[in-house]
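Data first, discussion second: the structure below is written as structure tokens.
The values are calculated or read from the model by the stated rules, or taken from the named source; none is laboratory data. None of the values given here were measured: they were computed from a predicted structure. Every residue, glycine as well, gets a Cβ built from its backbone with ideal geometry; the counts of neighbours run over all protein chains shown.
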Amino acid sequence: MSLKGKSYIMGAWEHPTRKATDKSVAQLHTECAIGALADAGLTKDDVDGYFCAGDAPGLGPLSMVDYMNLKVRHVDSTDVGGSSYQVAVGHATEAIAAGRCSVALITLAGRPRSEGMATGTAPRPGNPAQPDVQWEFPYSPTVVNMYAMCAARHMHEYGTTSEQLAWIKVAASHHAQHNPHAMLRDVVTVQDVVNSPMVSTPLHRLDCCVISDGGGALIVTSPEVAKSLKRPKIKVIGLGEQPKGQMGGMVDLTYSGARFSGKAAFDMAGVKPSDMKFAAIYDSFTITVLMQLEDLGFCEKGQGGKFVSDGNLISGVGKLPFNTDGGGLCSNHPANRGGITKIIEAVRQLRGEAHPAVQVKNCDLAIAHGTGGSLGSRHGSSTVILERE
Amino acid sequence: MADRVINFGEVSPESVEFWNAAKEGKFLVKKCKSCNKVHWYPRAICPFCMSADTEWVAGSGKGKIYSFSHMARANLTIAYVTLEEGPSMMTNIVDCDANALKIGQDVKLVFKPSDKEYPVPMFTPA
């Protein structure tokens, strides 16, 4: 059974906060739920399925369903880091198609900024039972140095340059200037990026995303429920997910699981990358975007540097407008997990509700892709393709 | 800059033999007796064929840098080194000018003391 068209995203809401010193994580999750339900024109009593991931406090769905006092008959807390929310759309679609629920609520929230977390540069001691910890923690792997190794290898194999990577940040900054909620609204140049302090070779500070508090939520419904609502119907037509790791030591940092999740999603949807009017691509770092664009098939492997150059990702300028909210690089990376904000901006674009300065004309097909965990060791990839009906 | 302290963590029941050998300056890798492949990180069960018939064998300690990144602020160069036996392992490159390192460069194993009794395998230019 194909899942194409078996669900619709009818509610999408991004928390405007970027610093929530005086709010709890559960409270932020719930504020996001309220926002998405209001957006869809539904109430909490309509929700019969709840989806969350590792950012949800306590026992995930148990803690959050109890906090919000939901009455649901289906829960899922698959945690694949920042790519969990594309996966949640997929799993919600499966549950809806199987009759397990008809109104699925997905929430994400967190407050790493208020908690003073050095997200990218501090090694995180894992649970000793995590099988890789013994073999990696002594070497101080951090988020940034693991992605930096992907960038270094990409440069070595394909001649990719820091200036090419910088174009990704430049494009995000052009979009962020129009987003009043974005953390970084100043337009930057390629020179600004390559002249910013080196954090972990070859990645500079401006190759890295922001650290922000906040969150977001989505409402995924059955076709029947979607029909009863007043909002534009955003149909889920393509889904794919795939983890990738070190493959027993056959480490290959030049590609991501997007190669597989993207193909699955495009095959299901019956469309191709060149059909996409808008692309929301996980942007924890500039290299993340470049590798995903290649792996999703927007250009040949190794050609990502050329593809992103000269403003090709800037709305109204280039061929593939991306992350028109400013993305994680400039606007928001709530709970250190950017998957949900990718879907939310794709929904805005498909509804015609993006900022007028960045709204893509006749935007009827969009992709929202997530990467979670670490591209440099083990990561999840998940792809959602959406169509305005 | 002062040498950083290497945080060892805890020995897994799967790797006691590896770390005891490390204390004697010996570098072991895990090989599957069923499919004859060496894997990394070492496991009791082969990640290629799922055979539990795996054994520790001596590694040469020779390899090439697959990729690396230098964090000046942390006095740290993280890397993947592709071992002569086949697999690539996460490690640090030490006792070198990090700015002169190249992908593909030959490196050799050195054990560095950690905050526990076990030394940790790292690499330095050959």
- request: Just one of (1) crowded, with 19+ Cβ neighbours inside 10 Å; (2) in a loop (DSSP other than H, G, I, E, B); (3) at pLDDT 95 or above trips up A:Thr119, so point out which.
  value: (3)
- prompt: Yes or no: A:Asn332 away from chain B (no Cβ under 14 Å), touching a strand residue (DSSP E or B) at 6+ places or on another chain (Cβ under 7 Å) and at positive phi?
  reply: no
- request: Test A:Thr221 against the criterion of being buried (at least 24 other Cβ atoms within 10 Å of the Cβ) and among the β-branched types (Val, Ile, Thr), and give yes or no.
  value: yes
task: Would you check if A:Ala182 is touching a Cys at 6+ places or on another chain (Cβ under 6 Å) and part of a loop (DSSP other than H, G, I, E, B)?
output: yes
query: Of the residues that make up region A:157-166, is at least one assigned to a helix (DSSP H, G or I) and within 12 Å of another protein chain (Cβ to nearest Cβ)?
result: yes
- prompt: Does region A:111-131 contain at least one residue that is more than 8 Å from chain B (Cβ to nearest Cβ), more than 29 Å from B:Pro47 (Cα to Cα) and touching a strand residue (DSSP E or B) at 6+ places or on another chain (Cβ under 7 Å)?
  reply: yes
message: Within region B:23-33, take every residue that is away from chain A (no Cβ under 11 Å) and surrounded by 14 or more Cβ atoms within 10 Å (Cβ to Cβ) and give me the one that is farthest from A:Tyr139 (Cα to Cα).
response: B:Lys31
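Take A:Gly238 and decide whether it is touching a residue at least 40 places away in the same chain (Cβ under 8 Å), more than 14 Å from chain B (Cβ to nearest Cβ) and at positive phi.
Criteria not met by A:Gly238.
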- request: For B:Cys46, indicate whether it is over 12 Å from the mean Cα position of the chain (by Cα), buried (at least 21 other Cβ atoms within 10 Å of the Cβ) and part of a loop (DSSP other than H, G, I, E, B).
  value: yes
field: Single residue of region B:50-71 satisfying the filter (surrounded by 15 or more Cβ atoms within 10 Å (Cβ to Cβ) and part of a loop (DSSP other than H, G, I, E, B)) that is farthest from the other protein chains (Cβ to nearest Cβ)
entry: B:Gly61
message: Quick test of your reading of the structure: B:Ala22 fulfils all but one of (1) part of a loop (DSSP other than H, G, I, E, B); (2) in contact (Cβ under 8 Å) with a residue 24 or more places away in the chain; (3) of a type outside the set (Val, Ile, Thr). Name the failing condition by number.
response: (1)
task: State all residues of region A:10-34 that are buried (at least 19 other Cβ atoms within 10 Å of the Cβ) and either modelled with pLDDT under 95 or in a helix (DSSP H, G or I) (or both); if no residue qualifies, say none.
output: A:Val25, A:Leu28, A:His29, A:Thr30, A:Glu31, A:Cys32, A:Ala33
message: When you check B:Ser88 against the structure, is it closer than 29 Å to A:Val144 by Cα, touching a residue at least 24 places away in the same chain (Cβ under 8 Å), in contact with a Gly (Cβ under 6 Å, 6 or more places away or on another chain) and within 8 Å of another protein chain (Cβ to nearest Cβ), yes or no?
response: yes
